[in-house]
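**Q** One structure coming up, written as structure tokens, with questions to follow.
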Amino acid sequence: MSTTLTLLFSMRKPKNYQSGDMPIYLRITVDGQRAEVAVSRKFDPSRWDTHLGRAIGTKADAKKLNSYLE
């Protein structure tokens, strides 16, 4: 019996979003069943890599966030 597990970090725009940091969510998929959880962190969307699900850059805030997500 084989089980598949996928983890995906993404940003989701709130309804009343104007500008600034957006919240980060974790999508967990186990055998096709999905669940989403907020990771209680926000980050600048212009410095977010959607394909990798990680912060872009070498500044301290990006390194700290990537370390937290790992």
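The values are calculated or read from the model by the stated rules, or taken from the named source; none is laboratory data. Note that the structure is predicted; figures quoted are calculated from it, not measured. When we count neighbours, we look across all protein chains shown, and the Cβ atoms used for this are built from the backbone with ideal geometry, even at glycine. Areas reflect the complete protein model, heavy atoms only, side chains present, ligands, DNA and RNA absent. Shrake-Rupley method; radii C 1.70, N 1.55, O 1.52, S 1.80 Å.
**Q** Want the number for ARG54 to ARG41: 0.36 nm per residue separation, take away the alpha-carbon distance, what's left?
**A** 3.5 nm
**Q** Where the only charges are on Cβ atoms (+1 Lys, Arg; -1 Asp, Glu), what is the dipole of the chain about its Cα centre, to the nearest 20 debye? If you can, show how the numbers build up before the last one.
**A** Details: 12 positive and 7 negative charges, 44 e Å.
Its charge dipole is roughly 220 debye.
**Q** Once the Cα gyration tensor of the chain is found, what semi-axes does its equivalent ellipsoid get, as square roots of 5 times the eigenvalues, in whole Å, sorted largest first?
**A** 24, 16, 9
**Q** Next up: Could you give the angle, 0 to 90 degrees to the nearest 10, between helix 60-69's Cα long axis and the longest principal axis of the Cα atoms of the chain?
**A** With both axes taken from Cα atoms, the answer is about 10 degrees.
**Q** Continuing with the same structure: Answer with one residue from MET11, THR29, HIS51: the one whose Cα lies farthest towards the positive end of the charge dipole of the stretch 1-58, charges on Cβ with Lys, Arg +1 and Asp, Glu -1.
**A** With unit charges placed on the Cβ atoms, the residue in question is MET11.
**Q** If you look for lysine pairs in the chain that are eight or more places apart or on different chains, how many of them have Cα atoms under 20 Å apart?
**A** Total qualifying Lys-Lys pairs in the chain comes to 5.
**Q** Quick check: residue separation of SER2 and ARG34 times 0.36 nm, minus the Cα distance between them. What number comes out in nm?
**A** 9.8 nm
**Q** Would you mind getting me the FRET efficiency between SER67 and LYS15? Use the beta-carbon distance for r and R0 = 30 Å, nearest 0.05.
**A** That gives a FRET efficiency of 0.50.
**Q** What list of ³J(HN,Hα) values in whole Hz, one per residue of the stretch 44-52 in order, does the Karplus curve 6.51 cos²θ - 1.76 cosθ + 1.60 (θ = phi - 60°) give from phi, with Gly and Pro shown as x?
**A** 5, x, 6, 10, 10, 8, 5, 6, 8
**Q** If you don't mind, another one. At 222 nm, what value in deg cm²/dmol follows for the chain if DSSP H runs of at least 4 each add -39500 (n - 2.57) and the sum is divided by all its residues, to the nearest 500?
**A** -4000 deg cm²/dmol
**Q** Ok, one more. For a quick check: with amide H placed at 1.01 Å from N, whose amide H comes under 5 Å from ARG41's, ignoring anything fewer than 5 positions away on the same chain?
**A** ILE24
**Q** Using a 1.4 angstrom probe on heavy atoms only, work out the carbon and sulfur share of the accessible area of the chain in %.
**A** That share works out to 51 percent.
**Q** On to the next question. Quick one: what are the phi-derived ³J(HN,Hα) couplings along the stretch 33-43, Karplus 6.51/-1.76/1.60 with θ = phi - 60°, whole Hz, x for glycine and proline?
**A** Per residue, the Karplus-derived 3J(HN,Hα) values read 8, 9, 8, 10, 9, 6, 8, 6, 10, 10, 8 Hz.
**Q** Below 8 Å, C-alpha to C-alpha, sequence gap of six or more: please give me the relative contact order for the chain in percent.
**A** Computed value for the chain: 24 percent relative contact order.
**Q** Still on this structure: Ignoring ligands, DNA and RNA, what accessible area per residue does the chain give at 1.4 Å, in Å²?
**A** Accessible surface, normalised per residue, equals 78 Å².
**Q** At most 13 other C-beta atoms within 10 Å and a DSSP loop state: those are the exposed trypsin sites (Lys or Arg not before Pro) I care about. Give me the longest piece of the chain that has none.
**A** It runs 16-58.
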